[in-house]
Amino acid sequence: MRVALPRFGTDLSPRFCFAAEVIIVTQERRDGVETEPRERLVLEGLGWPDRLHRLAERHVDILLCGGFPRIFRAQAEALGIRVEVGLGGELERVLDAFRRNALDEVAIGERPRECRGGRRRKARPGGSRRSGTGGSTAS
């Protein structure tokens, strides 16, 4: 199994798109021992499709990250990459929790490990809009 961890210093990147690089760990043994040297994959300057294709080219099975846009999750899954989101902390701690099947220990707040979309404004009572907003909620 090959696990990718987007890096932000010594921590897991808060969002996959912020990471300039990922660390890829290969472990084929049940005891979690790494079976190959760690690989550093540079992603800086790459857009979403290219980032995911680079992971797929390296045969990554699982991506552990803080955040990941829902709209790209289907593409990741189509490439054979399972995405676990809502995680944070030091890379080694996240990897250790993954090996022990204890990702809840490194979950960020109360966020579920599923992708969340962008924030949307709540509708005003009665469905009215404030003047001057143009009616757009896109950000």
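The values are calculated or read from the model by the stated rules, or taken from the named source; none is laboratory data. Only a predicted model underlies this, so the values are computations on that prediction, with no experimental measurement involved. Note that we place each Cβ from the backbone using ideal geometry, even for glycine, and neighbour counts take in every protein chain shown.
Farther than 21 Å from Leu103 by Cα, at pLDDT 95 or above and surrounded by 11 or more Cβ atoms within 10 Å (Cβ to Cβ): does that describe Arg7? In short, no. Within segment 66-81, the set of residues being touching a strand residue (DSSP E or B) at 6+ places or on another chain (Cβ under 8 Å) and under 17 Å from Asp50 (Cα atoms) comprises Phe68, Arg73, Ala76, Glu77, Ile81. Residue pairs whose Cβ atoms lie under 6 Å apart, separated by 6 or more positions or on different chains, with the first residue in segment 91-107 and at negative phi and the second outside any helix (DSSP H, G or I) and surrounded by fewer than 16 Cβ atoms within 10 Å (Cβ to Cβ), are Arg99/Gly32. Condition (residue is surrounded by 13 or more Cβ atoms within 10 Å (Cβ to Cβ) and basic (Lys, Arg)) applied to segment 25-42: is it met by at least one residue? Looking through segment 25-42, none of the residues is surrounded by 13 or more Cβ atoms within 10 Å (Cβ to Cβ) and basic (Lys, Arg). Could you please let me know if Leu63 is at pLDDT 95 or above and assigned to a helix (DSSP H, G or I)? Spelling it out, it is not the case that Leu63 is at pLDDT 95 or above and assigned to a helix (DSSP H, G or I).
Taken over segment 7-41, the criterion of being part of a strand (DSSP E or B) and free of Cβ contacts under 8 Å to residues at least 60 places away in the same chain is satisfied by Phe8, Glu21, Val22, Ile24, Thr26, Glu39, Arg40, Leu41.
Taking the condition at pLDDT 95 or above and within 24 Å of Val106 (Cα to Cα), does Arg40 pass?
Judged against the criteria, Arg40 is a match.
For segment 47-60, taking the residues that are at pLDDT 95 or above and not in a helix (DSSP H, G or I), the one that is nearest to Val85 (Cα to Cα) is identified as Val60.
Being within 13 Å of the chain's Cα centre (by Cα) and small (Gly, Ala, Ser) narrows it down to one residue among Gly86, Gly32, Gly47; which is it?
Gly86
With respect to Leu63, determine if the residue is among the aliphatic types (A, V, I, L, M), more than 19 Å from Val106 (Cβ to Cβ) and surrounded by 14 or more Cβ atoms within 10 Å (Cβ to Cβ). Criteria not met by Leu63. Of all residues in segment 74-88, those being part of a helix (DSSP H, G or I) and crowded, with 18+ Cβ neighbours inside 10 Å number 1.
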